[in-house]
Amino acid sequence: MGVFRQRSILRFLAAAAALAVSACGSSVLNGPINEPILSVADQGGWPLGPDQFGSTVIGVSLSGGGMRASAFSYGVLAELDRYELQTDKGPRRLTEMVDLISGVSGGSVTAAYFGLKGREGLPEFRSRFLDRDAEQGFDTNIGIASMVRILKDGGANDRSKFPRWLDENVFDGATYANLFARKRPLVWISASDIYSRVPFVFEPITFNILCSDLSKVRLSEAVAASAAVPGVFIPMNVENFGATCGGHVPQFMQRGAVSETAPATLQASGAAMMRYRANPAQYRYVKLLDGGLTDNFGVTSLALQRGSRDRPYMPMTAEQAVRVTRFLYMVVDAGRGPAGDWQRSLESPGGIDIASIVTDVAIDSGVYRGYDYFSAIMKEWQADMRRWRCSLSSDEVLKLRGTLSGWRCADVTFTVGRVTFADAGPEWKARLDAVPTRFTLDPATIDLLVAGGGEALRNNTVFRSFMGRTPRKNLTASIETAPVSRQ
């Protein structure tokens, strides 16, 4: 009887699969999202001259977590905009001083939009994205047809819908060339290379190795790759065009790939890049899914570039390193604690919920180790900078800095902080933890997240300490956020 039932079930599934395939067709839009480049000399990028960083450097990383992460990080940026610092060029809003911003999954939407539009575009972000149903851009109903596509192609949705939805509704056809033209901030969008199991960062270094033109990649495609939840989306492809453009794997990655003492992340990332360069025919396509699988805080790029250690101040230039006195890096963490009520019954969560849960489990298992590693990297960088600066002669300082006025070699402090739901307070945290990982939320929940992000930054002890040591002015918010009752 058991065998009979098994055969009957198999026949039913086979018939259902055949019916689904005939109904939905077999074509899948999954071509590469990038194009080749003839020479790395033509590769666009962000300028890294001496004016890139002032005396105060601000970096922000925006975590994954669907629309929850997008809205919470937007609330943090809106609160950041309320503060002003005195600089050598006069008073400036903190949002105008962001030099580095990275994003993963839901946070990548906010990061890419901020990089494209700057603080001037933030007031429109809510209407352009947060108040909209981004799930219109992909199928969330996991039925028989979707299950067949998941089994056959690796995901229920190809790249025919979500990147197009983002392109039309949020990014207006913008490419990385538009980001490069703005010059600041540097924007790092991270996905996951699922073959090599390492972060894949959309930046010139990566695309030089693949002999690909990053400037032609649409922001919508990079963000969609960063947010590609396993099962919900088919992995997106970036093509490896081989060693045809003069690009090479940076020395620090080459050394890291073979060094027994290099950090594990640098070893794995270096080995991946070496594979793609050494054998492009075998490793023709880099397949990408949700960036949170390998780095939900988006801090890998800066951490890896610090791994070079060729010079104490890298990846800054020497000119930048003698100008910097304060470096604030805030990681905005929209991760939530256990939530939901499906654990009360025998029934399991279904559809998109199970995909989100599996992703959350994979992400949470290693995310805080990544943050601790990044914090250690920044602490070492601060120590290296102080030693190097204090080893300079007066002539060297004058050559690099242009003046000896106000020079204090040890006056350089790197500060790393993490903004979480807990910073907003226990009542806020309980409500924020209950928000699911979706790409559509009702207006009241968006209000809650945006206001919660502002409350969390205001209460964050690292941020308060940094601002307490720095001449500043607390201004009226220029980005409107709806108030939320604590009741």
For this session: Scan segment 251-281 for residues that are of a type in the set (V, I, T) and either on the phi > 0 side of the Ramachandran plot or exposed (fewer than 14 other Cβ atoms within 10 Å of the Cβ) (or both) and report the count.
Result: 2
Exercise. Wholly within segment 48-155, which helices (runs of 4 or more DSSP H) include no fewer than the required count, namely at least 2 residues that are basic (K, R)?
Worked result: 144-153
For this session: Give the residues of segment 430-444 that are within 17 Å of G64 (Cα to Cα) and in a helix (DSSP H, G or I), sorted by residue number.
Result: L432, D433
Exercise. Checking G173 against (1) open to solvent by less than 10 Å² (accessible area, probe 1.4 Å); (2) assigned to a loop (DSSP other than H, G, I, E, B), which test does it fail?
Worked result: (1)
Problem set entry | R306 vs. criteria touching a residue at least 12 places away in the same chain (Cβ under 8 Å) and over 24 Å from the mean Cα position of the chain (by Cα) | no
Exercise. Residue check, Q267 against (1) free of Cβ contacts under 8 Å to residues at least 60 places away in the same chain; (2) closer than 22 Å to S63 by Cα, all met but one. Which one?
Worked result: (2)
For this session: Can you tell me which residue among G350, G337, G298 is more than 20 Å from V104 (Cβ to Cβ) and either at pLDDT below 70 or not in a helix (DSSP H, G or I) (or both)?
Result: G350
For this session: Could you look through segment 39-64, keep only residues that are modelled with pLDDT under 90 and open to solvent by less than 20 Å² (accessible area, probe 1.4 Å), and pick out the one that is farthest from G337 (Cα to Cα)?
Result: Q52
Exercise. Are any residues in segment 394-437 among the hydroxyl-bearing types (S, T, Y) and either touching a Ser or Thr at 6+ places or on another chain (Cβ under 9 Å) or buried (at least 16 other Cβ atoms within 10 Å of the Cβ) (or both), and if so, which ones?
Worked result: T413, T415, T420, T437
Seminar exercise, completed: Note: among S215, S269, just one is among the polar types (S, T, N, Q), at pLDDT 95 or above and not in a strand (DSSP E or B), namely S215
Exercise. For segment 218-241, how many residues are in a strand (DSSP E or B), on the phi < 0 side of the Ramachandran plot and over 16 Å from the mean Cα position of the chain (by Cα)?
Worked result: 7
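The values are calculated or read from the model by the stated rules, or taken from the named source; none is laboratory data. Computed from a predicted structure; not experimentally measured. When we count neighbours, we look across all protein chains shown, and the Cβ atoms used for this are built from the backbone with ideal geometry, even at glycine. Only protein heavy atoms, including side chains, enter the accessible area calculation; ligands, DNA and RNA are left aside. Shrake-Rupley method; radii C 1.70, N 1.55, O 1.52, S 1.80 Å.
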